[in-house]
Amino acid sequence: KLTDKVCLGYGTALALARSNDLIPHDDDIDLIIAMPIAEYHSIAKAIPVVEQCLQQHGFSTVGSYVSHRHIRNPKGRSLDIFVGIEEGDFFSSFPGPRRTIRTTDLFPTGIVEIYGHQCRVPRDLDAYLSKVYGSTWKEPDPNFAHNWDRKPFADLLGV
């Protein structure tokens, strides 16, 4: 209802690109949503709008994280929605890199089929994953950790 710029992201996109399946030990599905900076100005201002829209459609939101919310539908299924901002030609979402992922790497989306369902994924999945996880994303890295430093995102996160 808010935007058509929504697709699978982070660990879910990584898993689908590696094996066309979900990561067995991952406990959620990750979605990313791109909101225009001209309208929302920051992730902090966009999150309540996304929450309100979801709640109006029967979803509950959980958590008060700076970049995302856990979402549950009426049947109890859950996922994470990471709210990002379109900054000119770039998409920025935390804990991803800022002003590195081109909006055209994501949208218009590509499609993959998983468990008989058509799912939207970043248009250039390799470019997206290389920018979020590094050039060696195809091989699992047990030592990988996202950069949780909020300083580069301070103005977008409201911190």
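The values are calculated or read from the model by the stated rules, or taken from the named source; none is laboratory data. Not measured: the values here are computed from a predicted model. Positions of Cβ are generated from backbone atoms using ideal geometry, with glycine treated the same way; all protein chains shown enter the neighbour counts. Side chains included, ligands, DNA and RNA excluded: accessible areas come from the protein's heavy atoms. Shrake-Rupley method; radii C 1.70, N 1.55, O 1.52, S 1.80 Å.
Restricting attention to the chain, close to 75% of DSSP beta bridges with both partner residues there are antiparallel. The HN-Hα couplings worked out from phi for region 82-90 by the Karplus form 6.51 cos²θ - 1.76 cosθ + 1.60 (θ = phi - 60°) are 9, 8, x, 10, 7, 10, x, 7, 10 Hz, whole numbers, x standing for Gly and Pro. Taking a point 7 Å from the Cα of Val112 along the Cα-to-Cβ direction, the residues of region 1-37 with backbone N closer than 11 Å to it are 8-23. Our note on the geometry: Cα centres of region 1-25 and region 86-133, 9 Å apart.
Proximity of backbone amide H atoms, modeled 1.01 Å from N, is registered between Phe107 and Arg123 at under 5 Å, excluding neighbours fewer than 5 places apart on the same chain. Note on the chain: GNM, Cα springs under 10 Å; of Asp26, Asp126, Asp80, the largest mean-square fluctuation is that of Asp26.
What region 1-124 shows is 51 Å² of accessible area per residue, with the surface traced by a 1.4 Å probe over protein heavy atoms. To put it simply, the accessible area of the chain at a 1.4 Å probe is 52 percent carbon and sulfur.
Modelled label positions at Asn20 and Lys75, each set 7 Å beyond Cα in the direction of Cβ, lie 2.4 nm from each other. Note on region 1-151: with charges restricted to the Cβ of Lys and Arg (+1) and Asp and Glu (-1), its dipole about the Cα centre is near 340 debye. When the chain is treated as a GNM with alpha-carbon contacts under 10 Å, the residue of Tyr128, Tyr40, Tyr115 showing the greatest mean-square fluctuation is Tyr115. Only one of [x] 1.45; [y] 0.99; [z] 1.14 was calculated from the structure for Cα Rg over 2.2 N^0.38 Å, and its label is [y]. The length gained by stretching the chain between Lys138 and His41 to full extension, at 0.36 nm per residue less their Cα-Cα distance, is 31.5 nm. Label positions at Asp89 and Asp27, each projected 7 Å from the Cα along the C-beta direction, are separated by 4.1 nm.
For region 44-60, backbone phi angles converted through the Karplus equation (6.51, -1.76, 1.60; θ = phi - 60°) give residue-by-residue couplings of 4, 7, 7, 4, x, 5, 5, 4, 4, 4, 5, 5, 5, 9, x, 9, 9 Hz, Gly and Pro being listed as x. For Ile29, the residues whose amide H sits under 5 Å from its own are Asp80, ignoring neighbours fewer than 5 places away on the same chain, with H placed 1.01 Å from N.
Within the listed set Glu87, Glu51, Glu113, the Gaussian network model of the chain (springs between alpha-carbon atoms below 10 Å) gives the highest mean-square fluctuation for Glu113. In this calculation the C-beta distance from Leu2 to Asp155 is compared with R0 = 25 Å, giving a FRET efficiency of 0.70.
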